[in-house]
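*Asks:* Quick one: the structure is below, and I'll ask about it shortly.
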Amino acid sequence: MGLFRLNYKNVPGECVYAEGGLKFRADEKKLKQYFAPILPYVSLNDLIGEAVFWTMFAECLSTYIFPFVLYYKGVMLSIITALVALLIAKIYSYFFYNKILNYLVFFLANPLPKLILYAVFLVIFILSRSFAKIAVLITWLLGSFLGIYEVFTPIVYFPLVIIGRAYFQKTKEFLFLPPSDQILRNIGWYYARKFRIDPTKWKMYGQNDANKKE
């Protein structure tokens with residue numbers, strides 16, 4: 001059993017829901033067909049688990065740098081820095097996969113480390129009577145737990161789709177995958193390269209069925 005391994009719910013002919021609710025638009029059958037060359041080395045549960053945690057990379061980066069910038073640079077610059085870091089990290093996570101960073105996300109995405117870090121800074125701000133920073137710190141942490149960062153996903157994703165359509169016609173299919181599927185495929189390609197398998201020959205979800213109809 002891998003560290004990232006997660007259970008999932010399969011909806012035949014429609015999609016897969018990972019434990020926690022993240023949706024992948026292909027069902028189990030299509031995913032296993034697509035990732036068949038690497039499944040002898042890594043299970044679908046592990047691939048899905050790694051994808052789930054990697055989708056949290058941008059949020060983790062933004063959440064953990066925020067209190068430090070808030071402490072040293074103040075409210076306005078901390079918000080700007082955290083949002084810029086979030087957007088850049090989201091773009092990075094759509095195109096690249098770093099398993100070492102994902103190990104950090106696996107630990108830091110848990111609520112306990114966040115609460116401990118923010119509690120430390122909360123005490124510091126209380127002792128220094130920085131009431132504005134206290135309010136902003138609590139608000140930012142609550143936003144993290146409520147999933148407020150997800151509003152930025154379309155802000156990043158749709159411009160990438162437009163750019164892909166305009167300038168990268170050959171990679172159009174690659175760019176048009178929804179974010180969760182895009183990340184899952186990146187992880188599959190990461191393992192393909194690791195095991196010296198050519199992933200560019202893999203068929204897209206449902207492409208086998210389309211070829212048969214033709």
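Every number in this text was worked out from the coordinates using simple rules, so none of it is lab data. Please read all numbers here as calculations on a predicted model, not as lab measurements. Positions of Cβ are backbone-derived with ideal geometry, glycine not excepted, and every protein chain shown enters the neighbour counts.
*Asks:* As an exercise, identify the trypsin sites (Lys or Arg not before Pro) in the range 2-80 lying in DSSP coil whose Cβ has no more than 16 other Cβ atoms within 10 Å.
*Replies:* Here the sparse-neighbourhood loop sites are Arg5, Arg25.
*Asks:* Here's another thing I want to ask about it. How do 88-95, 131-138 rank on mean C-beta neighbours within 10 Å, highest first?
*Replies:* Listed from highest to lowest mean packing, they are 88-95, 131-138.
*Asks:* Rounded to whole Hz and in sequence order, give me ³J(HN,Hα) for the range 113-130 from the Karplus expression 6.51 cos²θ - 1.76 cosθ + 1.60, θ = phi - 60°, writing x for Gly and Pro.
*Replies:* x, 4, 4, 5, 4, 5, 5, 4, 5, 4, 4, 4, 6, 5, 5, 8, 6, 8
*Asks:* Provide the gained length on full extension for the span Val84 to Lys201, in nm with one decimal, where the gain is 0.36 nm per separating residue minus the Cα-Cα distance.
*Replies:* So the chain would gain 38.5 nm between Val84 and Lys201.
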